[in-house]
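Before any comments, here is the structure.
The values are calculated or read from the model by the stated rules, or taken from the named source; none is laboratory data. Predicted model, so just to flag it, every value in this text is computed and none were measured. We place every Cβ from the backbone using ideal geometry, glycine too, and count neighbours over all the protein chains shown.
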Amino acid sequence: MTDDVRRTSKVWTLPNGISMLRLAGVPLFLWLVLGPQADWWALGVLAVAGVTDWADGWLARRLDQRTSLGELLDPLADRLYILAVVIGLALRDIVPWWIAVILPLRDVLLWVLVPFLRRRGYSALPVHFLGKAATFNLMYAFPLLLLGDGDGTIATLALVFGWAFAGWGIGLYWWAGILYAWQVRTLFATMGPDGVRHE
């Protein structure tokens with residue numbers, strides 16, 4: 001087994017520890033939003049999640065600790081935060097329920113494609129700029145919408161900007177999903193069931 005394989009199969013690295021800490025914030029956020037409705041603390045959890053999202057990737061590259069687990073944990077944490085936030089806000093009647101359905105539905109549709117990819121030797125869907133841009137917009141939208149659940153000028157401005165980010169985020173999220181599906185279709189068209197590319 002080479003050093004590269006050994007390195008990519010490690011579990012206990014600093015970046016992975018940060019990702020696991022970020023995952024632990026998901027139930028904490030939901031409890032803060034739905035239990036005591038401590039919105040400022042919940043916003044703090046989201047802020048920490050945003051910083052650690054950047055930090056784990058930066059440290060993985062800087063320390064040469066990129067792992068297979070880390071490649072799974074990072075997008076998983078992003079998806080779980082989006083799911084937790086949208087469900088929490090829907091239960092608080094801050095966003096309509098159709099948003100709480102349409103965002104996870106896109107991920108469910110893409111997860112259906114993963115077994116077909118694995119049969120052809122791919123572990124996951126490729127990441128591209130649109131998916132990152134969609135996540136970026138949504139990560140800004142939901143904290144602003146939570147902040148907008150109040151009175152006053154700041155709440156009003158937060159609501160306006162929050163819905164602007166949400167509109168772009170939802171649109172880009174689905175656009176990225178369609179592109180992922182198209183990439184899979186193209187892959188299937190050029191590769192046989194045995195994983196051999198056919199030109």
*Check F188, F142, F165 and return the single one that is surrounded by 11 or more Cβ atoms within 10 Å (Cβ to Cβ), modelled with pLDDT under 90 and part of a helix (DSSP H, G or I).*
F188
*Name the pairs whose Cβ atoms lie under 8 Å apart, with the first residue in the stretch 33-55 and closer than 20 Å to V95 by Cα, the second among the hydroxyl-bearing types (S, T, Y) and assigned to a helix (DSSP H, G or I), and 6 or more positions between them or separate chains?*
L46/Y81
_Of everything in the stretch 112-131, what is under 19 Å from I170 (Cα atoms), surrounded by 13 or more Cβ atoms within 10 Å (Cβ to Cβ) and modelled with pLDDT of 70 or more? Give them in sequence order._
L130, G131
*List, please: which pairs have Cβ atoms under 9 Å, are six or more places apart or on different chains, and start with a residue in the stretch 127-145 that is more than 19 Å from P96 (Cβ to Cβ) and end with one that is not in a helix (DSSP H, G or I)?*
G131/L125
*Somewhere in the stretch 137-149, is a residue over 19 Å from I87 (Cβ atoms) and not hydrophobic (A, V, I, L, M, F, W, C)?*
no
*Before we move on, is A100 assigned by TED's automatic domain parsing to the domain that holds Y173, among the small types (G, A, S) and within 27 Å of G177 (Cβ to Cβ)?*
yes
